[in-house]
Amino acid sequence: MSNYASSSSYPYQPQSPQTKSKTLVVGLTGGIGSGKSAASDWFAQQGIDIIDADVIAHQVVAKGSATLRKIKRKFGDWVLNAAGEMDRAAVRTHVFTHPEALIELEAITHPAIREAAKLQLAASTSPYVVLSAPLLIEAAEAGLANLCQRILVIDATEETQLARASQRDEQSVQKIKAIMINQLSREERNRHADDVIFNESDLAALYLQLEPLHQNYLTLAQQLKFAAD
């Protein structure tokens with residue numbers, strides 16, 4: 001049995017009038033250590049534009065940005081370090097111990113992330129676009145999933161996730177498990193997916209599973225552009 005699971009046999013259908021556009025947007029997500037970044041890199045090598053929500057999340061709170069000023073007004077000067085940049089460690093610790101603060105922080109950052117993603121989407125020139133976000137499904141308030149016509153999940157067992165993440169980031173197993181607890185379970189994440197890749201082997205095996213998806217997305221992108229004309 002193939003590890004590649006997809007509902008790709010049916011033609012493209014927009015999720016809602018708000019998401020209808022001439023560009024097919026594929027949301028890419030997966031738990032920590034699943035191989036999402038490796039999949040994103042492979043799509044980029046095929047000439048597909050990548051919108052990385054993690055990168056955007058850092059950009060929107062850059063030193064001197066309007067979003068960072070809003071965060072400072074909301075929480076106080078302590079959110080900035082001596083260089084005038086956001087003290088990520090301090091903010092991370094604060095929201096971890098104050099759940100209501102996380103909601104307030106996301107109310108500021110999520111709209112900025114969404115608008116930046118929309119700008120990058122509008123500037124894309126590739127046949128389709130991959131929007132990569134680790135919390136694509138969990139962070140419903142950010143609205144990134146609503147920009148996507150399909151969602152691709154890179155899946156792996158929890159044992160594999162722990163092994164990969166600890167080797168890659170040199171983080172403790174306890175810290176990785178804490179991150180995993182804040183993410184959806186594999187089963188719940190996969191239920192939201194149009195396409196699922198089970199990534200338990202090496203990169204070559206991952207790429208073999210991505211190739212037919214890439215071809216399918218190219219076909220769906222053509223159908224979408226034809227329907228929009």
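The values are calculated or read from the model by the stated rules, or taken from the named source; none is laboratory data. Quick caveat, the model's predicted, so the values are computed rather than measured. Cβ: placed from backbone, ideal geometry, glycine included. Neighbour counts: every protein chain shown. The area values use the complete protein model at the heavy-atom level, side chains included, leaving out ligands, DNA and RNA. Shrake-Rupley method; radii C 1.70, N 1.55, O 1.52, S 1.80 Å.
Summary table
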read-out: Given (1) modelled with pLDDT of 95 or more; (2) buried (at least 20 other Cβ atoms within 10 Å of the Cβ); (3) over 16 Å from the mean Cα position of the chain (by Cα), number of the condition ALA165 does not satisfy; value: (1)
read-out: Selection within the stretch 140-192 - part of a loop (DSSP other than H, G, I, E, B), in contact with an Asp or Glu (Cβ under 8 Å, 6 or more places away or on another chain) and of a type in the set (Gly, Ala, Ser); value: ALA156
read-out: CYS148, sole failed condition from (1) within 20 Å of the chain's Cα centre (by Cα); (2) within 21 Å of PHE43 (Cβ to Cβ); (3) surrounded by fewer than 19 Cβ atoms within 10 Å (Cβ to Cβ); value: (3)
read-out: Subset tally (residues that are open to solvent by less than 40 Å² (accessible area, probe 1.4 Å) and in contact with a Phe, Trp or Tyr (Cβ under 8 Å, 6 or more places away or on another chain)) for the stretch 197-229; value: 10
read-out: Test: ASP54 is over 22 Å from ALA221 (Cα atoms), surrounded by fewer than 23 Cβ atoms within 10 Å (Cβ to Cβ) and at pLDDT below 95; value: yes
read-out: GLU138 open to solvent by less than 70 Å² (accessible area, probe 1.4 Å) and touching a Lys or Arg at 6+ places or on another chain (Cβ under 9 Å); value: yes
